[in-house]
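Each remark here refers to the structure printed beneath this line.
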């Protein structure tokens, strides 16, 4: 299974190489250490949201564009989700609003919906 | 500026609420603590790639679909990237073609381009 950080790292690296720029240049522009950027590119470190934004700024690309590309790459290999197995809740799924008396147990309400 | 983890958290939370499921149910299915999932949903914790995949599995959605939605939300608010400021390299960015003598230092060639 493709790991998200690997795909993000590959996308960032591909963008940098398309620009003929070195790790040193981009890490300097993004104000991260060269080693850290290298690890992010190789999918060995999970980049924080701020760091991702900073690297994208340094590369002159939009994070949203990178994410869209990554989502497309991931979609090509990601299987359809398995059906959800929902364990019947022991507690009401939705608590009554404050000050509103719970006239009927929420569980009973859920049963009505399920039976409808 | 919208932070990526906030958008991802909001997307996961919206998906869970659409399914009328509690934090307890989904955190149990995803094998993460309830408190951690809650922090991820509120954009207070950066979820690892594995954790994101696990939460998506628990929700029965594909991570690639979540990412695509998030990229679209981000694209609506993210400004166009600023032009890249590339520091002139000290080494030649492009080596002369094989067999072509480098008559002038690459740095001088870069200056010519800059002055053109």
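What follows is calculated from the coordinates using simple rules that are stated; it is not laboratory data. Fair warning: this is a prediction, and the values are worked out from it, not measured in the lab. As a convention, Cβ positions derive from the backbone with ideal geometry for all residues, glycine included, and neighbour counts pool all protein chains shown.
Quote the relative contact order of the stretch B:4-77 in percent (integer), defining contacts as alpha-carbon pairs under 8 Å separated by 6+ residues. Numbers along the way, then the final one.
Values: 69 pairs, mean separation 30.9, N = 74.
Once divided by the residue count of the stretch B:4-77, the mean separation gives 42 percent.
Would you kindly work out, in nm and rounded to one decimal, the distances from the label point of residue B:17 to those of the same position in each other copy, ordered shortest first, with label points 7 Å along Cα-to-Cβ?
4.3
What distance in nm separates the two pseudo spin-label positions at residue A:19 and residue A:75, each 7 Å out from Cα along the beta-carbon direction?
The answer from the label model is 2.6 nm.
Express in whole angstrom the spacing between the alpha-carbon centres of the stretch B:18-72 and the stretch A:64-80.
Cα centroid of the stretch B:18-72 versus Cα centroid of the stretch A:64-80: 17 Å apart.
Provide the gained length on full extension for the span residue B:34 to residue B:3, in nm with one decimal, where the gain is 0.36 nm per separating residue minus the Cα-Cα distance. Intermediate results must be reported in sequence, preceding the final value.
Details: separation 31, 0.36 × 31 = 11.16 nm, distance 2.23 nm.
Difference between extended and current length: 8.9 nm.
How many Cβ atoms of partner chains, on average, are near each residue of A:73-81 if near means within 10 Å of its Cβ? Mind dumping the intermediate values first?
On the way: counts 1, 8, 6, 1, 1, 6, 1, 2, 9.
Mean shielding by partner chains, rounded to a whole number: 4.
Just counting partner chain Cβ atoms within 10 Å, what average do the residues of peptide A:26-32 show around their Cβ? Working shown, then result.
On the way: counts 2, 0, 1, 4, 0, 0, 0.
Rounded to a whole number, the mean comes out at 1.
Just for the Cα atoms in the stretch A:1-57, what are the lengths along the principal axes, largest first, rounded to whole Å?
Between the extreme Cα coordinates on each principal axis of the stretch A:1-57 lie 32, 22, 18 Å.
What does the average come to when, for each residue of peptide B:41-49, you count the partner chain Cβ atoms lying within 10 Å of its Cβ?
Details: counts 0, 0, 1, 0, 0, 7, 2, 4, 10.
Counting other chains' Cβ atoms within 10 Å and averaging over B:41-49 gives 3.
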